[in-house]
Amino acid sequence: MRLGPLALSLSLALATLDVCAQQPPHRESWLVPTLHAAGLFTAQRVGAGLLWAHAFSLEDGDRNLRHLREGWTQPPVFDASRRIFTWDGDRWQINLVGHGLMGSELYLRARQCGHNALASMAFTAIASAVWEYGVEVWNAPPSANDLVWTPLGGALLGELRFVTWELAGRLGTAPRAIVRAVVDPFGELERALGTGC
């Protein structure tokens, strides 16, 4: 039997409600997701600087300040004449996959630290704005695509990851550890190092 998209969505929503009703509440924290985001942004900025040294250079102060000024005084880049997910001039793989995964990482960490879906999506949107207007703006203008898709795609993929992570709690010790490590490798590492959620 083939489930249509609506039936599949309904099944996922019911599974989420069922899981959330049966699980004890997580310890609520904004500190852990914030530190997680800071670590991700630092790693991402260092990685981008190593992979694309010229594009992410901070050596030309005049150019960097010009980018900063333009980023804060002009609307985010959005060119509707471009193909879907290339509206800011970046490759669709970076915009669709990269920003979706980054958003899901931020969203998932907030969900695991006791916050509901709406608060987690808001956290992801704020973090995305911090990246666009605080980190990347020194080298590239903020992107409307990134500002919208990071929290939206992050919430879609992040909620799926969260439900899978929660459902893994019903498994035996070894399968649970494997599923959770696959679904949330960074979070599992952080919890092993002692974070509360």
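Within the stretch 64-120, if we keep just the residues that are exposed (fewer than 14 other Cβ atoms within 10 Å of the Cβ) and among the aliphatic types (A, V, I, L, M), the residue that is farthest from Val183 (Cα to Cα) turns out to be Leu65. Of the numbered conditions (1) in a helix (DSSP H, G or I); (2) farther than 18 Å from Gly187 by Cβ, Gly103 fails exactly one; give the number of that condition. Result: Gly103 fails condition (2) only.
Assess whether Trp138 counts as being at pLDDT 95 or above, farther than 17 Å from Leu40 by Cα and in contact with a His (Cβ under 9 Å, 6 or more places away or on another chain). Write out each step before concluding.
Numbers: at pLDDT 95 or above: no; farther than 17 Å from Leu40 by Cα: yes; in contact with a His (Cβ under 9 Å, 6 or more places away or on another chain): yes.
When the stated conditions are applied, Trp138 does not pass them.
Checked against (1) within 21 Å of Leu96 (Cβ to Cβ); (2) without any contact (Cβ under 8 Å) to a residue 60 or more places away in the chain, Leu147 passes all but condition (2).
Among the residues of the stretch 36-63, those that are over 24 Å from Trp87 (Cβ atoms), more than 17 Å from the chain's Cα centre (by Cα) and surrounded by 12 or more Cβ atoms within 10 Å (Cβ to Cβ) comprise Gly49, Ser57, Asp60.
Yes/no per residue for (1) surrounded by fewer than 18 Cβ atoms within 10 Å (Cβ to Cβ); (2) hydrophobic (A, V, I, L, M, F, W, C); (3) within 12 Å of the chain's Cα centre (by Cα); (4) farther than 19 Å from Arg63 by Cα:
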| position | (1), (2), (3), (4) |
| --- | --- |
| Ala122 | yes, yes, yes, yes |
| Glu132 | no, no, no, no |
| Pro142 | no, no, no, no |
| Asp146 | no, no, yes, yes |
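Residue pairs whose Cβ atoms lie under 7 Å apart, separated by 6 or more positions or on different chains, with the first residue in the stretch 170-197 and of a type in the set (S, T, N, Q) and the second in a helix (DSSP H, G or I), are Thr195/Val32.
The values are calculated or read from the model by the stated rules, or taken from the named source; none is laboratory data. Just so we're clear, the structure is a prediction, and the values are computed from it rather than from any experiment. Positions of Cβ are generated from backbone atoms using ideal geometry, with glycine treated the same way; all protein chains shown enter the neighbour counts.
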